[in-house]
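The values are calculated or read from the model by the stated rules, or taken from the named source; none is laboratory data. The structure presented is a predicted model; accordingly, all values stated were derived computationally and were not measured. Positions of Cβ are backbone-derived with ideal geometry, glycine not excepted, and every protein chain shown enters the neighbour counts.
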Amino acid sequence: MASRHDGINDLDDYIPEHGDYKNALDLESSKPVTDQEIAALAQGDGFPMTEYQTRHFVVGDGLTPYRMRRQALLEIESRRSSLHGMLKKERKAKAEAAILEREIDNEPDILKQELMRCDLDELYYDIEIYTHKIPQARRELKEFIDHLRKLFPDGEPTVEDIKNIAKEDPEQERLYWQVRMAKQTAVDLISMGRIGAGQMGSLMLMDAEDQTVVIEKALEYSQKLENSMALIGDDTRQRLIGNKTVPMIQEEVRQQKLHAPESLDD
């Protein structure tokens, strides 16, 4: 069914203003929305990282608890620095706007007044952006702090625990690289049936003992994943031909570990 707005463009004379978003929020919720109102509402609070995204693809990319804690702390510092910068820029923009508001009426030149109003509008817009970006930065900061807490027993790290994250642990660092290299090697084995030249070159830079551990774990990971994929494939075929109505992933598949364990002894 065609929308009543198809082919209609009400943006030809649209001029984004710093108060667009606030005005759009006051509209009747059931009112048919216009193109200009969609543009205004898009300003919103943005789309911060989700809990799933941060857990699996940011902090989780550390693979081992030691590295996940370091990654989480790194992300926390990054968000803290970003929040500090935005708060400072917001204060500066508000002060500059107040100065311009005071000086505009005392400017006798009409053209200079217009330039000052343009600058003032830009400052108003920046200030409004900060009202959305600052809460977003606070949410992401809290998200990463919560993730860091979960990496400690009972979710209650001590001050000493946080201080120790920055200390390098040679054995844990070695374990991390064994796990990461094993994961990357397993990807080669699954996708190409052999270890790629680039990955093999990296493996050859490791100690002989580490090479053995990496290859053994890579074979283990790839076999586990292939077995799990076979189980999932069989389950899917059974459902497609109507022989099964149970959930797609069988219990034995759910019990498989499809990701690297926390240590190579698992």
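Report yes if some residue within segment 93-115 is touching a residue at least 24 places away in the same chain (Cβ under 8 Å), closer than 19 Å to G19 by Cβ and of a type in the set (D, E, K, R); otherwise report no.
yes
Check off (1) more than 16 Å from R174 (Cα to Cα); (2) under 30 Å from the mean Cα position of the chain (by Cα); (3) of a type in the set (G, A, S) for G193 and give me the number that stays unchecked.
(2)
Being closer than 13 Å to R117 by Cα and buried (at least 17 other Cβ atoms within 10 Å of the Cβ) is the filter here, so list the residues in segment 74-99 that pass it.
A97
Only one of E262, E251 is more than 25 Å from D61 (Cβ to Cβ) and either at pLDDT below 85 or aromatic (F, W, Y) (or both); which?
Only one candidate qualifies: E251.
For segment 147-168, name all the residues that are touching a helix residue (DSSP H, G or I) at 6+ places or on another chain (Cβ under 7 Å) and surrounded by 13 or more Cβ atoms within 10 Å (Cβ to Cβ).
The answer is H147, L148, R149, L151, F152, P157, I165.
For M192, only one of the following conditions fails: (1) surrounded by 15 or more Cβ atoms within 10 Å (Cβ to Cβ); (2) in the same structural domain as E220 (by TED's automatic domain parsing). What is its number?
Failed condition: (1).
Is it the case, given these coordinates, that L111 is more than 20 Å from R138 (Cβ to Cβ), crowded, with 16+ Cβ neighbours inside 10 Å and modelled with pLDDT of 90 or more?
no
State yes or no: is S191 within 26 Å of G60 (Cα to Cα), at pLDDT below 90 and touching a helix residue (DSSP H, G or I) at 6+ places or on another chain (Cβ under 6 Å)?
No.
Restricting to segment 126-146, what's the tally of residues that are among the charged types (D, E, K, R) and crowded, with 17+ Cβ neighbours inside 10 Å?
Counting residues in segment 126-146 that are among the charged types (D, E, K, R) and crowded, with 17+ Cβ neighbours inside 10 Å gives 5.
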